[in-house]
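The values are calculated or read from the model by the stated rules, or taken from the named source; none is laboratory data. Predicted, not measured: the structure shown is a model, and the values here were computed from it. In this analysis, Cβ positions are derived from the backbone assuming ideal geometry, glycine residues included, and neighbour counts consider all displayed protein chains. Side chains included, ligands, DNA and RNA excluded: accessible areas come from the protein's heavy atoms. Shrake-Rupley method; radii C 1.70, N 1.55, O 1.52, S 1.80 Å.
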Amino acid sequence: MYVRQLEVTDFRSWEHAEIEFEPGVSVLVGANGQGKTNLIEALSYLSTLGSHRVSTDAPLVRHGAQRAIVRTAVVHADRELTVELEISPGRANRARLNRSPVPRPREVLGVLRSVLFAPEDLALVRGDPAQRRRFLDDLLVLRAPRLAGVQADYDKVLRQRVALLKSAGAARRSGGGTADLRTLDVWDGHLARHGAELLGARLDLLVELTPHVRAAYRAVAPESATAELEYRSSLGDALPAAVPDAGVNSTGKADVDLLEVALLTQLAQLRAAEVERGVCLVGPHRDDLELSLGGLPAKGYASHGESWSFALALRLGSYQLLRSGGAEPVLLLDDVFAELDTHRRARLAEVALAAEQVVVTAAVPADVPEELQGTRFDVDAGQVRRVR
C-alpha cells in the first residue's frame, strides 16, 4: 500500500498543496512552522478520522475558511482508490470514495492504513489513560474498520446515560420521582452490549499486539528491562470473578456475552454511587493500558530515554501487527529522528527501509539518517517543491 497523491485545501496552514508521492522514502524538509507536520497530519487523519494533535476538528480548518478538504489517491494490490474528506466544524463531515459520496465518513476507513510516530507519542507513556485508550481504539479501527461503528454507538449511549444519571441525581436530591431510574435500566443494557464488544476487541488486540511491542522494545532498548502491557478494566476484580479466564472462550477470543453479563452486574452494583456523582463509573471509557518495565509502571518510573523507547515500541509493534495482517501500512515519521539517540535512530531507520512507503519530516536534512535520504521535498513559504 502506498499514497500516490495528497491534496489539501484550507487544511491547517495550507490554502492549497498537492504532492505526488512514490513508493519508498519521501522526506519533507522545512523549518518549524512551515506546515510539513500539517501534511503528515492530513494523511493520518484519512486513516483514523482523527488528529494526533487536537481532539476536535475546528483547528484543522484554515483561519477564515468554512471547511477543509483532504484528498488522496491510494494504491493497494494494483488498484487505485481516491478518498476525499470534507471537514466542516459544527456540521457533519462528508466523504467521497472514487468521487462518489458515501453515507458516513467512516465508510472510507481502511482504504489508507498508516502508522504515525510523532513527538506527541511521549504522552502514550507519560500521559493520562485517555491517550492509551485512543491508541488501542485507533489500532482497532485500522485492523477492523467496522469497529468504528461500535465505538460511535458506545459513545452515543454513554453520553445519553451520563445525562440521565445527572437528571436522576437531581431528581433524587429534590425528592422527585423514579422515572429516570427506570429509563436507566434500558440504557444499562445498551451500554453493556456495546461496551462488551469494545472491551472484547481491545482484549483480543492486546493478546496479538504484546509480543510485537516486546520484540520492538528489546530491539530499541536491549539494555533495559522487559516491557509489559496489561489491560486494566474498570470491572477490576469483577472481570476474572464474573468471567472465567478473563472473558476468553474456547476459540481463544474474548467472550462478548460473558463480558456483557459482567458489565451489567457491575452497573447494577454501582447504580447508587453513579446517581449520586452523576458519572458512569464502569465501562471501557474508564479503562487503561498499563505499561511497565521490569514490573514497575513506566509512567513515573521510566527515564526519558526509556519512555521514548516505549513509545517507539508501541508504534513499531503496531506497524508489525498491521503488516502481518496482509496490508502493509504507510509509515509516517514526523520530526522524530532529532529526538532519538544513535541506536534508536538506527533501529527506526532499519524498520523504515523495509516499508513499502515511508514519509519523513525533518527541520534539516541532517536530522534524517543517510540511508533514508530518498525523494526530497522542500516545504517553505506555503509551497512544496520536489528537489530530488
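What is the stretch 1-132 by shape, rounded, prolate or oblate, if you read a ≥ b ≥ c off the alpha carbon gyration tensor as root eigenvalues and call it rounded for a/c under 1.5, prolate for a/b larger than b/c, and oblate otherwise? Mind dumping the intermediate values first?
On the way: a/c = 1.28, a/b = 1.14, b/c = 1.12.
Rounded.
Would you mind working out the accessible area per residue for the chain, using a 1.4 Å probe, and quoting it in Å²?
44
Quick one: grab the alpha carbon gyration tensor of the stretch 1-66, order the square roots of its eigenvalues as a ≥ b ≥ c, and give me rounded if a/c is under 1.5, else prolate or oblate depending on whether a/b is larger than b/c. Can you show the working numbers first?
Numbers: a/c = 1.72, a/b = 1.42, b/c = 1.21.
In terms of gyration-tensor shape, prolate.
Under 18 Å between alpha carbons, and skipping anything fewer than 8 positions from residue 166 in its own chain: which aspartates and glutamates qualify?
Hits, sequence-local ones excluded: 155, 180, 185, 188, 274, 276.
Over the chain, with a Gaussian network built from C-alpha contacts below 10 Å, which listed residue (277, 113, 214) shows the highest mean-square fluctuation?
Residue with maximal mean-square fluctuation among 277, 113, 214: 277.
Write out the trypsin sites (Lys or Arg not before Pro) in the stretch 126-169 meeting two conditions: DSSP loop, and at most 12 other Cβ atoms within 10 Å of their Cβ. The partial results should precede the final answer.
On the way: sites: 126, 132, 133, 134, 143, 146, 156, 159, 161, 166; in loops: 146.
Taking the stretch 126-169 and a limit of 12 other Cβ atoms within 10 Å, the loop trypsin sites (Lys or Arg not before Pro) found are 146.
Between the stretch 257-297 and the stretch 95-119, how far is it from one alpha carbon centroid to the other, in angstrom?
With the stretch 257-297 and the stretch 95-119 each reduced to a Cα centre, they are spaced 31 Å.
Students often forget the sequence filter, so: which aspartates and glutamates lie under 12 Å Cα-Cα from residue 253 once same-chain residues fewer than 8 apart are removed?
197, 204, 208, 245
May I ask you to list the lysines whose Cα is less than 19 Å away from that of residue 299, ignoring any residue fewer than eight positions away on the same chain?
Within reach: none.
Would you mind calculating the relative contact order of the chain from Cα pairs under 8 angstrom and at least 6 residues apart, reporting the percent as a whole number? Present the calculation step by step, with values, prior to reporting the outcome.
Working: 708 pairs, mean separation 98.8, N = 388.
Rounded, it is 25 percent for the chain.
So for the chain: antiparallel DSSP bridges make up what percent, rounded to the nearest 5?
Roughly 70 percent of the beta bridges in the chain run antiparallel, per DSSP.
Can you tell me how the stretch 60-128 classifies by the Cα gyration tensor, rounded, prolate or oblate, using a/c under 1.5 as the rounded cut? Don't jump to the answer; show the numbers that get you there.
Details: a/c = 2.21, a/b = 1.21, b/c = 1.82.
Oblate shape, in that a/c is at least 1.5 and b/c is the bigger or equal ratio.
Mind sorting out which of [x] 82, 63, 46; [y] 72, 51, 37; [z] 61, 60, 35 is the real Cα extents along the principal axes in Å computed from the coordinates?
[y]
Could you please state how large a percent of the accessible area of the stretch 258-340 is carbon and sulfur, counting protein chains only and using a 1.4 Å probe?
Details: 1500 of 2990 Å².
Here carbon and sulfur together make up 50 percent of the probe-accessible area.
What residue among 198, 81, 259 has the largest mean-square fluctuation in a Gaussian network model of the chain, using Cα springs under 10 Å?
Maximum among the listed residues: 81.
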